[in-house]
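Below is one structure, written out as structure tokens; the observations come after it.
Only the coordinates and a few stated rules stand behind these numbers; no lab work does. These numbers were taken from a predicted model, which means no experiment stands behind them. As a convention, Cβ positions derive from the backbone with ideal geometry for all residues, glycine included, and neighbour counts pool all protein chains shown.
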Amino acid sequence: MTGEGRDPVTQGLPQTLTRLWRYGLVLSGNRDTAEELVQATCVRALERAHQFEAGTRLDRWLLAILHSIWLNEVRARKVRLGQGLVDADAVLVFDGLKYTETNIWAGQVLREVQALPEAQRETVFLVYVEGMTYREAASLLGVPVGTVMSRLAAARARLAGLNAEAVSAPVEGSGKHGRSGR
């Protein structure tokens, strides 16, 4: 059975590395820690490939492993106490005047998302970025579906404040809401 269980894991693992890294970055806020989480996830997945159930979603299984590693190992080492957070400005690439406004807005959104409490931040990531259903996110996080809904509502309320600020403060010289429309 080891050969049968290992094949889908070894075949599917490379396609999920980017998603795993993004989730590791969301959890830790640190690029190096995200890479360590992905490496540990790969090792654990390969060691326990026989536990993967054929016909189920490999990406969900791997995200659950990464989440478990984060909770068990990284928290214990206190890596996530705010050390080495990724500055949104450092990750955004400005591609000329045309995209400057979009990049500034994206930077503001990323800073606000990163400033969310951890529980809200990881829930927002799983549902809105990874496309998980509320039930799938609740299962992965080990919380009731209502808690996922509550976390998302609180995060949306906080992020809606950012949108209200943007609408009330148009970019100088660029039209009503920062776009000339011409």
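Between Thr10 and Ala119, the FRET efficiency estimated from the beta carbon spacing at R0 = 35 angstrom works out to 0.60. The modelled label-to-label distance for the pair Leu46/Arg22, using points 7 Å beyond Cα in the direction of Cβ, is 2.5 nm. Panel order for Thr33, Thr133, by other beta carbons found within 10 Å of each beta carbon, from fewest to most: Thr133, Thr33.
Between the listed residues Val26, Asn72, Leu62, the Cα displaced farthest toward the positive end of the dipole of segment 2-74, a dipole computed from Cβ unit charges relative to the Cα centre, is found at Val26. Remark: Tyr134, Tyr128 ranked as Tyr128, Tyr134, counting other beta-carbon atoms within 10 Å and listing the fewest first. Going from the fewest other Cβ atoms within 10 Å to the most, the residues Ser68, Ser28 appear in the order Ser68, Ser28.
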